[in-house]
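Structure, as structure tokens:
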Amino acid sequence: MSEFRVRKAHPIATEITVPGDKSISHRAIMFASLADGTSEITGFLPSGDCLSTAAAFRAMGVAIDFLNEDGSPWQPAASGAGPHRVIVQGRGLRLQAPAGPVDCGNSGTTMRLLAGILSGQNFTTVMTGDESLSKRPMKRVTEPLSLMGARFEATGPKETPPLTVHGHSALRAITYPLPMASAQVKSAILLAGLYAEGKTTVIEPAVTRNHTETMLRHFGVKTVRQGLAISIYGGQVPESRDFHVPGDISSAAFWLVAAAVQPGSELVIKGVGLNETRTGILKVLLRMGAQITEDIREGADGEPCGTLTIRGGGLRGTVIAGDEIPNVIDELPILAVAGALAHGTTLIRDAQELRVKETDRIAAVVENLQRFGVAVRELPDGMEITGSGGQALVGAKVTSFGDHRIAMACAIAGLFSEGESVISDVDCVGTSYPGFAEHLRLFQSRHVTGSTTPVIDRLPSSLSDPT
Ligand code: S3P
């Protein structure tokens with residue numbers, strides 16, 4: 001099991017790109033697989049989670065080729081370098097029964113969105129996952145999808161995976177108010193809606209990431225939003241399209257915070273996704289006193305993308321709560337680190353969904369920040385953090401709890417701590433950010449060389465070894 005050893009960093013002055021967006025990469029493979037022809041995907045994130053999605057569709061008869069620039073087959077690399085392009089030969093809406101169980105690995109997005117797609121197939125599928133995914137709630141998708149006519153058996157304790165889906169080739173359309181703000185559940189129902197007769201409507205309690213709606217539109221499928229209600233008509237078959245996946249703002253988030261907390265830092269991140277249902281972190285950091293400029297270009301594929309420039313300053317505490325939460329849900333661990341280094345108190349509320357992520361992220365963040373010497377109080381739906389006012393934290397030994405975002409958030413805390421910090425069990429970062437270790441080393445090397453002169457490093461988007 002590998003670990004990160006992290007020391008204090010100097011101010012950052014650099015330019016980077018981050019790997020492809022995880023949510024968008026999953027959907028690009030899914031929608032291209034359901035399309036009626038060949039699609040080419042560029043910018044695909046070659047992370048464990050997204051490769052689980054690709055393997056699942058391959059197992060269901062979809063031809064997916066990962067290629068290097070010269071057309072040779074791509075293989076996963078330790079550097080995190082991704083394929084130049086992914087060619088998907090879609091089967092239309094009808095998939096082929098897999099020969100055995102479909103392994104979703106660590107990926108909740110794979111299992112939940114697939115549950116919607118498999119609901120409309122005329123065969124039965126068993127989906128399994130790793131230890132973490134096997135503890136995650138699936139009732140949130142099986143309940144609405146059962147109303148549409150699919151049948152499920154979740155054989156783990158408390159209706160957790162393994163999950164058997166008995167598809168039904170003529171689903172019923174439903175109108176479903178979501179009990180929680182979840183893009184995965186919304187997407188599962190909308191995807192099942194493709195197989196239903198008539199209009200399926202999902203009503204969100206608060207706006208969640210809208211990649212499913214945006215990308216379905218790009219693939220020629222119409223969805224309609226009216227306030228918090230999103231509707232889809234069944235029977236529409238996605239049309240094959242090429243698609244470019246922008247950089248993942250949830251991966252950029254670690255470097256955004258690393259730059260924001262440090263006066264004198266200036267960081268430029270290029271080619272990053274700037275979909276407004278994902279950029280809550282920018283609003284929070286602005287409120288905390290960071291200087292950020294966004295240069296947004298509307299991507300031809302419907303997903304806004306552009307350049308972010310962030311300048312560090314002394315941050316102040318803030319309140320993150322209510323409808324803002326779904327917009328920053330994956331960034332809350334790293335925002336908690338920002339709060340730990342800010343002046344004053346940061347309060348995170350209404351974030352009970354964090355308890356059912358890859359690990360209980362409220363408990364994990366609270367325990368680890370305490371080890372870094374931070375005064376933090378656990379709340380049922382969040383936490384209250386007393387910031388250090390810009391003072392360094394105390395170097396600590398912590399575990400990731402097998403959760404990629406906890407591992408990376410703690411590595412950033414280590415950059416702002418006295419002495420060495422050790423974060424153990426960090427292989428999990430490969431589920432969302434292969435190449436993170438190389439980027440971390442780059443930020444560390446400023447310390448190792450003792451350089452305080454701003455240096456512009458241009459990392460190739462392939463994330464090959466920056467040295
Ligand atoms: C995701 C939605 C969110 C997010 C997850 C990816 C998606 O989960 O936390 O990392 O791709 O739809 P929920 O829908 O459970 O909030």
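The accessible-area ordering, largest first, of the residues VAL126, VAL102 stands as VAL126, VAL102, per a 1.4 angstrom probe.
Could you give the length gained on full extension between ARG316 and ALA206, defined as 0.36 nm per residue of separation minus the Cα-Cα distance, in nm?
Full-extension gain reported as 36.9 nm.
Rounded if a/c is under 1.5, else prolate if a/b beats b/c, else oblate: with a ≥ b ≥ c from the C-alpha gyration tensor eigenvalues square-rooted, which is region 109-191? It comes out oblate by the Cα gyration axes. Couplings 3J(HN,Hα) of region 87-99, computed from phi: 9, 10, 9, x, 9, x, 5, 8, 8, 10, 4, x, 6 Hz, in residue order, whole Hz [Karplus 6.51 cos²θ - 1.76 cosθ + 1.60, θ = phi - 60°; x for Gly and Pro].
Would you please give the FRET efficiency between ALA99 and ARG441, computed as 1/(1 + (r/R0)^6) with r the Cβ-Cβ distance and R0 = 51 Å, to the nearest 0.05?
Working: r = 41 Å, r/R0 = 0.81.
Using R0 = 51 Å, I get an efficiency of 0.80.
In angstrom, the C-alpha Rg and Dmax of the chain are 21.4, 65. Taking the C-alpha atoms only, the angle from helix 48-59 to the longest principal axis of the chain is near 20 degrees.
Using a Förster distance of 51 Å, how high is the FRET efficiency between ASP295 and LYS139, based on the Cβ-Cβ distance and rounded to 0.05? Could you put the intermediate results ahead of the total?
Values: r = 42 Å, r/R0 = 0.83.
Rounded to the nearest 0.05, the efficiency is 0.75.
Rounded to the nearest 0.05, what FRET efficiency do SER169 and GLU239 have when you use their Cβ-Cβ distance and R0 = 25 Å?
The computed FRET efficiency comes out at 0.70.
The C-alpha atoms of the chain define a longest principal axis, and helix 404-415 lies at about 10 degrees to it. Mean separation of Cα pairs under 8 Å and 6 or more residues apart, divided by the residue count, gives the chain a relative contact order of 20 percent. Counting only residues at least eight positions apart within a chain, or on another chain, the aspartates and glutamates with an alpha carbon under 17 Å from that of LYS397 are GLU3, GLU367, GLU418, GLU420, ASP425, ASP427.
Solvent-accessible surface of the chain, taken per residue with a 1.4 Å probe and all protein chains present: 36 Å².
If you take the square roots of the eigenvalues of the alpha-carbon gyration tensor of region 342-449 and sort them as a ≥ b ≥ c, do you get rounded (a/c under 1.5), prolate (a/b over b/c) or oblate? Mind showing how you got there, number by number?
Numbers: a/c = 2.11, a/b = 1.20, b/c = 1.76.
Here region 342-449 falls in the oblate category.
Where only DSSP H runs of four or more residues are counted, the chain gives -8500 deg cm²/dmol as its mean residue ellipticity at 222 nm, each run worth -39500 (n - 2.57).
Defining a contact as two alpha carbons under 8 Å apart and six or more residues distant in sequence, what relative contact order in percent does region 22-242 show? Numbers along the way, then the final one.
Numbers: 525 pairs, mean separation 44.6, N = 221.
This gives 20 percent for region 22-242.
For the peptides 386-395, 140-149, the ranking by packing is 140-149, 386-395, with the highest mean count of neighbouring Cβ atoms within 10 Å listed first.
Stretched out straight at 0.36 nm per residue, the stretch from LYS283 to ASP323 would grow longer than its current Cα-Cα span by 13.1 nm. The stretch between GLU276 and GLU69, if pulled fully straight at 0.36 nm per residue, gains 71.4 nm over its current Cα-Cα span.
The values are calculated or read from the model by the stated rules, or taken from the named source; none is laboratory data. For clarity, every value in this text was computed on a predicted model and none was experimentally measured. FYI the Cβ positions are ideal-geometry reconstructions off the backbone, even for glycines, and counts take in every protein chain you see. Keep in mind that these areas ignore ligands, DNA and RNA; they rest on the heavy atoms of the full protein, side chains included. Shrake-Rupley method; radii C 1.70, N 1.55, O 1.52, S 1.80 Å.
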